[in-house]
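The values are calculated or read from the model by the stated rules, or taken from the named source; none is laboratory data. Remember, predicted model here, so these are calculated numbers, not experimental data. Reconstructed Cβ throughout: ideal geometry from the backbone, glycine too, with neighbour counts over all protein chains shown. SASA here: full protein model, heavy atoms, side chains in, ligands and nucleic acids out. Shrake-Rupley method; radii C 1.70, N 1.55, O 1.52, S 1.80 Å.
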Amino acid sequence: MTVPAAGRGTTTVAPRAVRRIAERAAAEALPDGGSVIRGSAAVRGASARIAVGVRLPYPVRADEAAQRIRERAETRTAALTGLSVPRAEVRVDALSVAAPPLVPEAEPGLPGDEGGSGPRIWAQRRVPAAVLAAVGAAACGLLLVDVIAVRFGGAPAGWRTTVVDWAAAHGPADTAVRLAGVGAALVGAWLLGCALLPGLRRRLRMAAPAPEVRAALDRTAAARILRERALGVPGVVQARVSVRRRRARVRAGVGYGRPEEVRAEVVRVLGASLPELGLLRTPALRVRVRREPGWRTPEAEVPEAKVPEAAEVPTVAGRPAAAAPWPHDVDRDGPGDGPRNSGEA
């Protein structure tokens, strides 16, 4: 017995199912780091229109990625639902930057090592080294040329005979000789300091995650971070911060509120911010506050203005009137659809 086609029943694919299939198909064509944000689908008879919003990683060619996602969503949705998909839209709603790799926590150092921070960073001092090398090379070159010339029967250079005659006529008691000796001693002490001292006094050592890693933070950057945190405290309108190796000084200007309460809040906020800098030795905090011109107490503040009564909301059948509902054959993301991600089917 053959049943007529009209009596065999109908197969209906709900818009919600179409949307889920389109989202999953779009997720299959996403580059690494991308995700599906939202999607929508509308079914009219045997055809469906789909739209998908995605987040792409940066940097990426958005046009090429969107083209691949659109083609994948069209073909997979049509193949799995049996509906024709004449139109598919792909919206790039956001770009995301890949998260930095996780840094392992600092391991305890060996006895005598300061928290596994490694040796201190030394200054390279290129300018003093270059100046010293240039002066030494010039003096040695001139002397070598003069010695070679004398060796081959030439006369000594005039500058060398002048220097020898001047040194023979002046003794240690001469003022010029003493000044030259003091200058040479100062230059020698400065060169010894450059060779023996690490330098980089404007950089603060940081607690490195491993013994072979060395890190430092500039004092200006640390002061800028603390200043931004201090300006975020209610009542602070001006702040000056200086960070040293052992101490951080903060001078805050109070524009409104009670100075003692503002100071306590600044101490609390900056006390929590100092460990976040990751320094090997957390500097001690010293905070001073002062009243700025125009400072006012809470009692002098203007009272709040009276809030007008809310306007009357039109109602329908005793209930607030709502916006017009979506058509019955259109599905969009809603609170009842559950989480929207690329892993749903």
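Table for the structure above
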{"item": "Sequence ranges 83-89, 143-149, ranked by mean other-Cβ count within 10 angstrom, highest first", "result": "83-89, 143-149"}
{"item": "Accessible area (Å², 1.4 Å probe, nearest 10) - residue 295", "result": "60"}
{"item": "Full-stretch length increase - residue 290, residue 173 - with 0.36 nm per residue and alpha-carbon distance subtracted", "result": "36.2 nm"}
{"item": "Order by protection proxy (mean Cβ within 10 Å, highest first), peptides 42-48, 161-167", "result": "42-48, 161-167"}
